[in-house]
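Heads up, the thing below is written out as structure tokens.
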Amino acid sequence: MAGKPAAQIVSFEALLKGRTPQVRKWARALRKIVKSAAPKAAERGYKGWNVLVFAPTREMRMKEMFCGISPHKDTVGLYFHHGVKLPDPKKILEGAGKGMRQVKIRSDADLRPAAIKPLVRAAYLHVTR
């Protein structure tokens, strides 16, 4: 039985192609926040998943992927793969599933580096312990 084909690896800019200027701006700002909170993290864009994933190593093992940026039509999601385990004193995480949570950027006001950066740092530390 054949498995699913691997997701196509693409650049971050390729993921932003065709997105509105506002969505591109928010996605780039989130990437900057992630890189400042986890400067040693590796990143990889996946076209089929429409996400830029971050992990502590280039191997991109699923259990080590700590966050991802996903640009959509009018919003950008910052996904945390182990989000239920993260401290969220500012109450900005959304979601009700077993593990994943997200910060959804719908406006400039949602882009709050002081609240987002500690979440990214905690997510990175969670997978590197």
Next item on the list: Mind checking which of His82, Ile105, Thr128 is farthest towards the positive end of the chain's charge dipole, using Cβ charges of +1 (Lys, Arg) and -1 (Asp, Glu) about the Cα centre?
Entry: Thr128
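Could you give the size of the charge dipole of the chain about its Cα centre, using +1 on the Cβ of each K and R and -1 on the Cβ of each D and E, expressed in debye and rounded to the nearest 20?
120 debye
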Next item on the list: Read phi for every residue in region 99-113 and hand back ³J(HN,Hα) as whole Hz from Karplus 6.51 cos²θ - 1.76 cosθ + 1.60, θ = phi - 60°, with x for Gly and Pro.
Entry: x, 7, 9, 9, 10, 9, 9, 10, 7, 4, 5, 6, 7, 10, x
Next item on the list: List Ser11, Ser70 from most exposed to least, where exposure is judged by having the fewest other Cβ atoms within 10 Å.
Entry: Ser11, Ser70
Check: If the cut-off is 27 Å between C-alpha atoms, which lysines fall inside it for Lys98, apart from same-chain ones fewer than 8 positions away?
Finding: Lys4, Lys35, Lys47, Lys63, Lys73, Lys85, Lys90, Lys117
Next item on the list: For region 26-37, just list the computed ³J(HN,Hα) in residue order, Karplus coefficients 6.51, -1.76 and 1.60, θ = phi - 60°, integers in Hz, with x standing in for Gly and Pro.
Entry: 5, 5, 5, 5, 5, 4, 4, 5, 4, 5, 6, 7
Checklist line | 222 nm mean residue ellipticity, helices alone, for the chain (DSSP H n ≥ 4; -39,500 (n - 2.57); rounded to 500) | finding: -9500 deg cm²/dmol
Check: What full-extension length gain, to one decimal in nm, is calculated for His72 and Ile9 as 0.36 nm per residue of separation minus the Cα-Cα distance?
Finding: 20.9 nm
Checklist line | Spatial separation of Cα centroids for region 10-39 and region 72-129, in angstrom | finding: 15 Å
Check: Which of Thr75, Thr20 comes first, and how do the rest follow, when ranked by fewest Cβ neighbours within 10 Å?
Finding: Thr20, Thr75
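Based on the Cα gyration tensor of region 9-128, what are the three equivalent ellipsoid semi-axes, each the root of five times an eigenvalue, rounded to whole Å and given largest first? Kindly include the intermediate steps, with their values, before the conclusion.
Values: eigenvalues 76, 61, 32 Å².
Value: 19, 18, 13 Å, ordered largest first.
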Next item on the list: Return the distance in nm (one decimal) between the two label points of a simple spin-label model at Arg61 and Arg112, each offset 7 Å from Cα along Cα→Cβ.
Entry: 3.4 nm
Item checked: Considering only the chain, percent of DSSP beta bridges that pair antiparallel, nearest 5 -> 100 percent
Next item on the list: Determine, for Trp49, Trp26, the number of other Cβ atoms within 10 Å of each Cβ, and report the residues in order from fewest to most.
Entry: Trp49, Trp26
Notebook entry, point to check: Between Arg129 and Trp49, what is the label-to-label distance in nm when each label sits 7 Å out along the Cα-to-Cβ direction?
Noted result: 2.3 nm
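No lab work stands behind these numbers, since they all come straight from the coordinates. As the structure is a computational prediction, the values presented were derived from the model and not from experiment. Every residue, glycine as well, gets a Cβ built from its backbone with ideal geometry; the counts of neighbours run over all protein chains shown.
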